[in-house]
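Inspection log for the structure reproduced underneath, given as structure tokens.
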Amino acid sequence: MADFPTQARVVIIGGGAVGCSALYHLAKAGWTDCLLLEKNELTSGSTWHAAGNCPNFSGSWSIMKMQYYSTELYSKLADIADYPMNYHVTGSIRLAHTKDRMEEFEHVTAMAHHQGIDLRMMSLRDMVDVYPFLETHDLEGGVWDPTDGDIDPAQLSQAFAKAARDLGARIERFCPVTGVNRDGGGNWQIETPKGAVKAEFVVNAAGYRAAELGRMFGRDVPCVSMSHQYLVTEAIGSLRERGAKLPLLRDPDTSYYLRQEGNGLLLGPYEWQATTHWLNDDQPMPEDFSFQLYPDDLERLEWYINDAIARVPILGTAGVQKVINGPIPYTPDGNPLIGPMPGVPNAFEACVFSFGIVQAGGAGKVLAEWITEGETEWDMWSVDPRRFTGFVTKEYTRAKAVEFYQNEYAMGYPNEERPAGRPAKTSPIYHTLARKNAVFGARAGWERACWFPRPGTDIPENKLSYHHTNWFDAVKEECLAVQNDVGVLDLPGFARFEISGAGAANWLDGLITGKLPKVGRIALIYFATPAGRILTEMTATRFEDDKFLLLGGAGAEWHDQEWLYKHLPAGSPVQIENLSDRWSTLVVSGPKSRAVLETLAESDFSNAAFPWMSHQPITIGMARGFAVRVSYVGELGWELHFPLAEMVGVYERLWQAGQDHGIRDFGMYAMESMRLEKCYRAWKMDLSTDYSPLSGALDRFIDLDKTDFIGRAPMLVEKQAGSAEKFVPLLLEDGDVDAPYLATVWMGDERVGLVTSGGYGHRIDRSIALSYIRSDLAAAGTELEVDVFGVRRQATVATEPLYDPGNDRLKA
Ligand SMILES: Cc1cc2nc3c(=O)[nH]c(=O)nc-3n(C[C@H](O)[C@H](O)[C@H](O)COP(=O)(O)OP(=O)(O)OC[C@H]3O[C@@H](n4cnc5c(N)ncnc54)[C@H](O)[C@@H]3O)c2cc1C
């Protein structure tokens, strides 16, 4: 084929809305030598039949950013591309049936305002004013999203394609990718029936076919195709007479969207009877499903149709003109995959979008940044493919995808521990804790006890509320037991890497912002991005000059592993061994922890022999491991590290030895409360690439005098100029609700910051909000306010840590 391009810097596989946007954004960034390969015609996957709704509203900070970026871009795209499109900006109403839902809307509205989006809370009257056909008698109110609307998805994709081509990018249609290989030089060789293409980078933008394409790279993409339907009615007289298009309507408590299409209505429910397709060999994905649909299945929507008719009676006055039932891909958490393809160098993913029309614009920007700059402007962990680690099988993905689809519009309660896909990973102590009635939550697949209901007092489940709820008092008791006696927490699942080999220390030193610990000691170490932002945090335990154990958060396993490997020079004698699934941790903390451990292990646990921030090998019964004198809960304490197989023996002996000292189990919720009091940062909440280590007040972990490390240059600049924002703890006035993640911090009429962790500190009996605020307001004692679900609460800047400021209890 004469004109077939045999080389490109980036090859994007898939020409839906997302692939076309990625091509445009790469070209816009100056990477015009890019090629999009599409199996069939552009938009032939999920894109052509999408309803095209484009909300800004989202409970997630980064998804909201992406969607807002999209809606802003779409309003200009016809001009940019010189390609006229149907984009109806009608605004939208979301209905609230309950006070909880109104609280959720208040919080999302505040988040939106912080991003510059003008969401507005609505009264019943406001809603009827803009939507006269609405029944409101059983509602609480709603929220208005002013630039919501609907766009023609095919035109949107074609506009991106045209704008990209105008900049020099190329598109090959009817060109399915059939295989990929790497040549000796590390370049990709992408096979198609029209010929092979060489490329430096490749992007999987194959929509619901992402898993099929992923297999060509040896990558298991967590993707399930669900079927999603909407119906469109015949024309309705009152709409024809009205002229102006109705706003979009969403009823999240009932679970549907409803909008005007022509002079009819379009109704799309997320129904409980979520239906998956193409999962097994007896129902394989057809080789080609371009521009095809599943058979209509209105029966499973019946309940929702009736509910919507009761809400908007004109809907019941017209017959159904057409039904669209098409494939919509889901990941286990309903968010797409955008970013580095796990384990595969120079390959990226931009696929498995359930809202790919509204997210295409933002996704293209994010993907282009990943490729051209190696990092993204906004922290995008919520969509990072590496958030799903090795336990994410097809069965897990199916179970979670179904659960997510069913709850697509459900409220985002903190501490909701949904049941699907569990248990995936358990510690050997799981059954013992289950017999003690523990309420579990899954963290990166690992079952961990969240709290322990008190026999005869508490029901063993989480009642959902934004306010202090049924576990509050039990968690308080757990915290006080740790403060006064001793508590034990089973904490399986840390990301755990052993680093060894000649030069390991030097190599690590070049990656971290601060100092490595001496042999026999441990230290918190921070990694920055090249742009000087917070990449990750690990605890380094140093066994020998060139031998370390690095511990990170359970969810960080693939993320941290990739960073380490990426920066390991070829041929280096340094070795990285991932021990995450082989070892585990028991936390033993509280003033009586020394007494308990002394009766158990042969080691000397005295302050002189075993000081704070040091480690030693220990033997308990038949188990050999090591103990680290450290406590994330801020009391005298040790972490006990043993191979998983030995944990039952260690736990049982510990429990027996602790009887005389009042030992008790505590859970993750108590740990969370206590770490807030110590202002210990949590990864991807208080520590994200949205912030720099300097603004994170991590100065004692930064050594700018070191010759070099990743991120040093921009940090030097920031040090000189001063950070715009600073991490501080805020203490809130009393109330029965704590600040949610990303609550707005106010100074009078000015937005001055965001909360990154909120909760109740039982040992200090105060509501805590760890926050990033404008640095000129960071002095202790400054009076501010925090918007907690629509209510301004007085907040005072405090000094960290809030509990045991001299760390005397840790060093006792
Ligand atoms: C009924 C329904 C209504 C929806 N409504 C909305 C909505 O209102 N708003 C919204 O935001 N989202 C909506 N969606 C979701 C939306 O359709 C998808 O999220 C979006 O279309 C995904 O776009 P994409 O580019 O990622 O994937 P796709 O559009 O599926 O594109 C992937 C492309 O990759 C190509 N491809 C696959 N394999 C290969 C290969 N080996 N070689 C070359 N090319 C390949 C395919 O042919 C396809 O064209 C809806 C979905 C459904 C089913």
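Any read-out appearing in this document is the output of simple, stated calculations on the displayed coordinates, not a laboratory observation. Keep in mind that this is a model prediction, so the values were computed, not measured. For neighbour counting, all protein chains shown are included, and Cβ atoms are generated from backbone atoms with ideal geometry for every residue, glycine included.
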Projected area averaged over orientations for the range 234-346, convex hull of C-alpha atoms, nm²: 10.6 nm²
Cβ crowding within 10 Å averaged over residues, with 401-413, 312-324 ranked highest first: 401-413, 312-324
Count of Lys pairs (Cα-Cα under 22 Å; at least 8 positions apart or interchain) in the range 495-631: 4
Charged-residue dipole, Cβ positions (Lys, Arg, Asp, Glu), the chain about Cα centre, Debye nearest 20: 1240 debye
Stretch gain in nm, segment residue 791-residue 298, where the contour uses 0.36 nm per residue and the Cα spacing is subtracted: 173.2 nm
Ascending count of other beta-carbon atoms within 10 Å, so fewest first, for 127, 622: 622, 127
Tilt relative to the chain, helix 17-28 - C-alpha long axis, 0 to 90 degrees, to 10: 80 degrees
In nm, spacing of pseudo-spin labels at residue 394 and residue 173 (7 Å Cα→C-beta vector): 3.3 nm
Rounded Å value of the spacing that divides the Cα centres of the range 54-106 and the range 584-614: 54 Å
Binned Cα-Cα distances of the chain, short to long, each 10 Å bin given as a whole percent: 2, 12, 22, 25, 21, 12, 5, 1, 0
Gain upon complete extension [residue 608, residue 733; 0.36 nm per residue less C-alpha separation]: 40.9 nm
For 596, 574, 352, order by how many other beta-carbon atoms lie within 10 Å, fewest first: 574, 596, 352
Using a Förster distance of 22 Å, the FRET efficiency for residue 616-residue 518 (Cβ separation, nearest 0.05): 0.95
Highest average packing first - 551-558, 512-519, 667-674, Cβ atoms within 10 Å: 667-674, 551-558, 512-519
Computed over the range 196-314: relative contact order in percent, which uses C-alpha pairs under 8 Å that are six or more apart: 22 percent
Packing-based order for 128-135, 32-39, 366-373, using average beta carbon neighbours within 10 Å, highest first: 32-39, 366-373, 128-135
Surface/4 estimate of mean projected area, convex hull on alpha-carbon atoms of the range 342-427, nm²: 7.4 nm²
Which of 427, 60 has the fewest Cβ neighbours within 10 Å, and the rest in rising order: 60, 427
Cross-link reach list, lysines versus residue 194, counting only Cα pairs under 30 Å and skipping chain neighbours closer than eight places: 28, 39, 162, 365
The range 578-664: relative contact order in percent, alpha carbon pairs under 8 Å with at least 6 residues between: 35 percent
Dipole magnitude (debye, nearest 20) for the range 541-657, charges at Cβ of Lys, Arg, Asp, Glu: 200 debye
Fully extended contour minus Cα-Cα distance, from residue 80 to residue 685, at 0.36 nm per residue: 214.2 nm
With Cα atoms, 0 to 90° folded angle of helix 668-678 axis to the chain main axis: 70 degrees
Top positive-direction residue, dipole computed over the range 452-596 with Cβ charges, set 553, 511, 579: 511
Folded to 0 to 90 degrees: helix 99-115 orientation relative to the chain principal axis, Cα: 90 degrees
Length-normalised contact order for the chain - Cα pairs under 8 Å, 6+ apart - percent: 11 percent
Flagged links, alpha-carbon separation over 27 Å, of 400/678; 684/719; 400/463: 400/678
Per-bin percent of Cα-Cα distances, the range 655-780 [5 Å]: 2, 10, 17, 19, 16, 12, 9, 7, 4, 3, 1, 0
